[in-house]
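For reference, the structure is listed below as structure tokens.
Computed from the coordinates by the stated procedures, all read-outs in this text should not be read as laboratory data. Owing to the predicted nature of the structure, the values given are computational and were not obtained by experimental measurement. So basically every Cβ, Gly included, is an ideal-geometry build from the backbone, and we count neighbours across all protein chains shown.
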Amino acid sequence: MAQLAQHYLRRLAWSLGPALCFLAIRSFMGAVNGPEPILWITLAAISVNAFLGYMLIFGKVGLPPLETLGAGVGRDKFGKLCDVVVRLMVHNNVASLSGLSPA
């Protein structure tokens, strides 16, 4: 059991940086009265992450069953994708949020 947890946590460690960036941007958006896009991104993330995890854990849709490693891989990849989407959203809307032009 510890071996399985170790595989999961090793893969999950790679998503720590993007997760922290996502949390910082989420707090920023809340501070500038723009939390609604983050809400929709988070709700979409929950369902897509569950679906991706299911496919990778049990090996559905032609993917190999990776068990706990698959859960870590799914969370890692989707965490990075959420981070990129939120960064693009903030970059494209920073002028309207603060009255400044993006750099």
task = Considering Cα pairs under 8 angstrom that are at least six residues apart, work out the relative contact order of the chain and quote it in whole percent.
result = 36
note = With label points set 7 Å from each Cα along the Cα-to-Cβ direction at A31 and R87, the distance between them in nm comes to 1.9
